[in-house]
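A short write-up of the structure that comes next.
The values are calculated or read from the model by the stated rules, or taken from the named source; none is laboratory data. Nothing here was measured: the structure is a model prediction, and the numbers come from that model. Counting neighbours? That spans all protein chains shown, and the Cβs are built from the backbone with ideal geometry, glycine included. The area values use the complete protein model at the heavy-atom level, side chains included, leaving out ligands, DNA and RNA. Shrake-Rupley method; radii C 1.70, N 1.55, O 1.52, S 1.80 Å.
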Amino acid sequence: MVNFDEDTLDGIFAALADSTRRRVLADLQQGAASVSDLARPHAMSLPAFLKHLRVLEDAGLIARAKDGRVVNCTLSPEPMRTASDWLARYEKFWSGQLDSLARYLYHEEEIHPCKTETPHKPTPPSNSGSGGASTPRSSASGAPGRTRKR
């Protein structure tokens, strides 16, 4: 069994928890991009956007490099692989559990086949308050009432 560094996983999943940061990662799948190009589609100030980049960088999901006056970002795949490996462990567990449930349900269906039941007729409502019979309510509505002038 592979041991995962809990702090690393916490940082990765915290970074992935925000839609702005996920969008940045999706944009970087096309290749390296400048900070200004990445920030353009987001309706926020540059300092606020830089905080998002910092979270991604601290999690190891992106790398920043300065070329003259331009700062470019690139995607770093290794942390995503770490998160994927961690999730795969649980996917294997739940797949096994769901397969076991499917086998059980199939076995139960073979032993106790589902019988077609006759349709259930609704029973009329009872008048619990008076104990005697009462006349049924009319389902037809009366004539329309007066309308309010505006």
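Peptide packing: for 55-65, 103-113, the average count of neighbouring Cβ atoms within 10 Å per residue gives the ranking 55-65, 103-113, highest mean first. The order of the peptides 39-48, 21-30 by mean Cβ neighbours within 10 Å, most packed first, is 21-30, 39-48. Sorting the segments 90-101, 5-16 by their residues' average number of neighbouring beta-carbon atoms within 10 angstrom, most packed first, yields 5-16, 90-101.
Determine the order of THR74, THR20 by accessible area, beginning with the largest, at a probe radius of 1.4 Å.
Largest accessible area first, the list is THR74, THR20.
A straight chain from GLN29 to THR8 at 0.36 nm per residue would run longer than the Cα-Cα distance by 5.4 nm.
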